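*Asks:* Here's a structure for you.
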Amino acid sequence: MERLSGERSESRGNSMEQEVEHVSQLLNLVIGIVLLMLVAAVTTMMSKRLYWLPLTIALVLIGICISYLAETFGSQSELLGIIAEFELTPELVLFVFIPTLIFESAFNLDARQVSRNILPILTLAVPGLIVSTAIIGLIMWLVASQFNDILVALLLGAILSATDPVAVIAIFKQLGVPERLTVLVEGESLFNDATSLVMAMLLVEILLAGSFSGAVILTGMATFFKVFLGGVLVGWIAAVIVAETLGKMEADTFIEITLTTILAYFSFIIAEHWLHVSGIMAVVAAGLTIGSWGKSKISPSTAEFMEHFWEYLATLANGLIFLLVGIQMDMAHMWESAGLIALVVLAMLFSRAVVIFALVPMLGKLPGSEVIGSAFQKVMYWGGLRGAIALAIVLSLPAQFEYKDTLTAIVMGAVLFTLLVQGLSIELLVKWLGLDKLTLADSLAKVEGDRTARNEELARVANLVQGGLFSERIAQHLREKCESSVAALDFAISQLHEDMDGEEEIKVLGLRCLSREKARYYELFRRGLISEWAFRDLDYTVNVQIDEAKHQGNLPDANIESSITKKLSLLFVNVLDVIPGLGRLVERLRTLRIVRDYDVAWGRYRATNSVLSRLDQIAQDNRIEGDTVDLDR
């Protein structure tokens, strides 16, 4: 009995020790997360002062410094030790960070702009990535003795062909580059992430299986398209269900935000683990759908808050992931692999040049496609940074894979190069190409906005004095300061008008009219006078026209921009028309199309009439001569 009692006591003691140890681990986890968030916040504050240093690059550099300090002083500082213990595991990247980053990016992308540029985006994401994989793989196989197996070299090529333009997009937003360039760069990244991941996983399976044949290639290609398209379908269905649910319920910020969060993570989990298709493509499709068609289902009171919510989550995930990248970088191992890293960087740059400067110009020659200019091509080439997806893939390689350590060091070195060299110089390239320069119309709008703000300030001074917030003496000083600023801004506006020729004046008038037209569409939709379908068609059309007028000088015309969804639906109806017995269904679908087209035409008629009725006033407000207005008419 005594022995049994002793065993029970010992077992109870071990259980208590395990429980204490478990609580200690949880406490360290919480402390570590809070410390990482603190470091990310402080780094963000620093990067705002160092405007030339993108945040992602600053985070990586701070992470490297933390890693060095932990190795040197880790035994003397418990907090440094806790931070350094965090690992950037593939599960952490794929299940926590990636759904947030991809959903936020897709949610804020205009799906109709993506569909308008879908040909170059998919060309870069699928055939372009395959070409890049082959070029990098062949160069490493032919030149580097360490890669005597071509499949391993191709695996490295697949990992390093996925672009991650987080730092580049942040710079684009600061500089105000054309929207189409942002869509091309970000759209390519969204789609080629899934392509790279699927291709890498297929190559790993072949390497572990140890067999390679023509049948394996065909099976791999079939699997690739099944996984890619299957992920799109899963994400689209999930987004439609969530959007319809949002449309049928009363406005509730908590429920709406919660449903979109569930959509981002569940679409990934359902696709990746239950249906074994691409989770990344599921999140891309879900984000694009809910961010375009589904956005009108979200209540206006929640829409703005939701954008801030997802922006915060993405910023937090982005900050933590690049901070952990810096902490986990093994600089000693990377230095040992410096030769291989230099070789793979040259291979990456060469493969990127082939894809951008050979494939992209060919697309512009296809019927119905838009030409991508030389300046855009240069930015797309140099903006092809590598980041989170490449690291997630290489870290997720099986432990028994003999090349894992070598590939990890090479990929981390390549990622560090793209962040430090390309990331720090992309802003200079954009400025050198003149893509950040404001047109005369934009400059005029900016100065006019400043003048309006100063006039508002003048109008409020009297009320503030009357409320006793400050004395008349201070108020007089503020008035003089504001009046001086208004006079300077009036002079700047006059100078800008003097610099404008007749063509520029027409462009300014066109932009002002388009802005009025855009506001009128929203007003008609808000009052229930046009349908959601018509509003989305009209709003998309006017956005395209504004972007083209700003950056290409094209004046608006009467055409309605046709989305890829509309083209596919028309094709679907034509296919049904040839099937016997479906005449009534086809007739119903065509009637619905006529009703929708009439709604679009009626909305366009009301908005353009509104613009015409105020055309003289708009021209007068912008100091445009009557001859120009008559010419525009």
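*Asks:* Looking at (1) open to solvent by 70 Å² or more (accessible area, probe 1.4 Å); (2) assigned to a helix (DSSP H, G or I), which is the one condition that is false for ALA58?
*Replies:* (1)
*Asks:* Of the numbered conditions (1) over 16 Å from MET380 (Cβ atoms); (2) outside any helix (DSSP H, G or I), ILE130 fails exactly one; give the number of that condition.
*Replies:* Among (1) over 16 Å from MET380 (Cβ atoms); (2) outside any helix (DSSP H, G or I), ILE130 violates only (2).
*Asks:* Tell me, please, whether a residue that is more than 25 Å from GLU179 (Cβ to Cβ), open to solvent by 10 Å² or more (accessible area, probe 1.4 Å) and free of Cβ contacts under 8 Å to residues at least 24 places away in the same chain can be found in the stretch 150-161.
*Replies:* Yes, that holds for at least one residue.
*Asks:* Take LEU79 and decide whether it is in contact with a helix residue (DSSP H, G or I) (Cβ under 9 Å, 6 or more places away or on another chain) and open to solvent by 20 Å² or more (accessible area, probe 1.4 Å).
*Replies:* Considered against the rule, which asks whether it is in contact with a helix residue (DSSP H, G or I) (Cβ under 9 Å, 6 or more places away or on another chain) and open to solvent by 20 Å² or more (accessible area, probe 1.4 Å), LEU79 comes out as yes.
*Asks:* Counting only residues that are of a type outside the set (Lys, Arg) and in a helix (DSSP H, G or I), which one in the stretch 45-55 is surrounded by the fewest Cβ atoms within 10 Å (Cβ to Cβ)?
*Replies:* Among those that are of a type outside the set (Lys, Arg) and in a helix (DSSP H, G or I), it is MET45.
*Asks:* Exactly one condition in (1) assigned to a helix (DSSP H, G or I); (2) surrounded by 13 or more Cβ atoms within 10 Å (Cβ to Cβ) is not met by LEU38; state its number.
*Replies:* Every condition holds for LEU38 apart from (2).
*Asks:* Scan the stretch 64-72 and give yes if some residue there is outside any helix (DSSP H, G or I), free of Cβ contacts under 8 Å to residues at least 12 places away in the same chain, over 20 Å from ALA200 (Cβ atoms) and open to solvent by 50 Å² or more (accessible area, probe 1.4 Å), otherwise no.
*Replies:* No, the stretch 64-72 contains no residue that is outside any helix (DSSP H, G or I), free of Cβ contacts under 8 Å to residues at least 12 places away in the same chain, over 20 Å from ALA200 (Cβ atoms) and open to solvent by 50 Å² or more (accessible area, probe 1.4 Å).
*Asks:* Let me ask something additional. Please work out which one of (1) small (Gly, Ala, Ser); (2) more than 23 Å from VAL508 (Cβ to Cβ); (3) modelled with pLDDT of 75 or more is the condition SER562 fails and give its number.
*Replies:* With respect to (1) small (Gly, Ala, Ser); (2) more than 23 Å from VAL508 (Cβ to Cβ); (3) modelled with pLDDT of 75 or more, SER562 is out only on (3).
*Asks:* Considering each residue of the stretch 62-109, count those that are within 30 Å of SER296 (Cα to Cα) and among the aromatic types (Phe, Trp, Tyr), and give that number.
*Replies:* Residues meeting the conditions: 4.
*Asks:* Out of all the residues in the stretch 223-253, which are out of contact with any Ser or Thr (no Cβ under 9 Å at 6 or more places or on another chain) and of a type in the set (Phe, Trp, Tyr)?
*Replies:* If the condition is that a residue be out of contact with any Ser or Thr (no Cβ under 9 Å at 6 or more places or on another chain) and of a type in the set (Phe, Trp, Tyr), then PHE225 is the only one that fits.
*Asks:* May I pose another question? Does GLU304 count as under 30 Å from LEU435 (Cα atoms) and either modelled with pLDDT of 85 or more or surrounded by fewer than 17 Cβ atoms within 10 Å (Cβ to Cβ) (or both)?
*Replies:* Judged against the criteria, GLU304 is a match.
*Asks:* Would you check if VAL379 is touching a residue at least 60 places away in the same chain (Cβ under 8 Å), touching a Lys or Arg at 6+ places or on another chain (Cβ under 8 Å) and of a type in the set (Val, Ile, Thr)?
*Replies:* Against the criterion (touching a residue at least 60 places away in the same chain (Cβ under 8 Å), touching a Lys or Arg at 6+ places or on another chain (Cβ under 8 Å) and of a type in the set (Val, Ile, Thr)), VAL379 does not qualify.
*Asks:* Looking at the structure I just gave you, is GLY553 on the phi > 0 side of the Ramachandran plot and either of a type outside the set (Asp, Glu) or modelled with pLDDT under 80 (or both)?
*Replies:* Numbers: on the phi > 0 side of the Ramachandran plot: yes; either of a type outside the set (Asp, Glu) or modelled with pLDDT under 80 (or both): yes.
Criteria met by GLY553.
*Asks:* Another one. For the stretch 484-496, indicate whether the set of residues that are among the acidic types (Asp, Glu), at pLDDT 75 or above, farther than 30 Å from LYS295 by Cβ and open to solvent by 40 Å² or more (accessible area, probe 1.4 Å) is non-empty.
*Replies:* Looking through the stretch 484-496, none of the residues is among the acidic types (Asp, Glu), at pLDDT 75 or above, farther than 30 Å from LYS295 by Cβ and open to solvent by 40 Å² or more (accessible area, probe 1.4 Å).
*Asks:* Moving on. Name every residue in the stretch 413-426 that is open to solvent by less than 10 Å² (accessible area, probe 1.4 Å), hydrophobic (A, V, I, L, M, F, W, C) and out of contact with any Gly (no Cβ under 8 Å at 6 or more places or on another chain), in order of residue number.
*Replies:* Residue satisfying the conditions is ALA414 alone.
*Asks:* Moving on to the next point. Read through the list (1) touching a helix residue (DSSP H, G or I) at 6+ places or on another chain (Cβ under 6 Å); (2) charged (D, E, K, R); (3) in a helix (DSSP H, G or I), then give the number of the only condition that ARG386 fails.
*Replies:* (3)
*Asks:* Quick one: how many residues across the stretch 131-145 are at pLDDT 90 or above and either open to solvent by less than 80 Å² (accessible area, probe 1.4 Å) or of a type in the set (Ser, Thr, Tyr) (or both)?
*Replies:* Total meeting the criteria: 10.
The values are calculated or read from the model by the stated rules, or taken from the named source; none is laboratory data. Bear in mind the structure is a predicted one, so any value in this text is a computation, not a measurement. Using ideal geometry, Cβ is built from the backbone for each residue, glycine included, and neighbour counts are taken over all protein chains shown. Side chains are part of the model used for accessible areas, which takes the heavy atoms of the whole protein and leaves out ligands, DNA and RNA. Shrake-Rupley method; radii C 1.70, N 1.55, O 1.52, S 1.80 Å.
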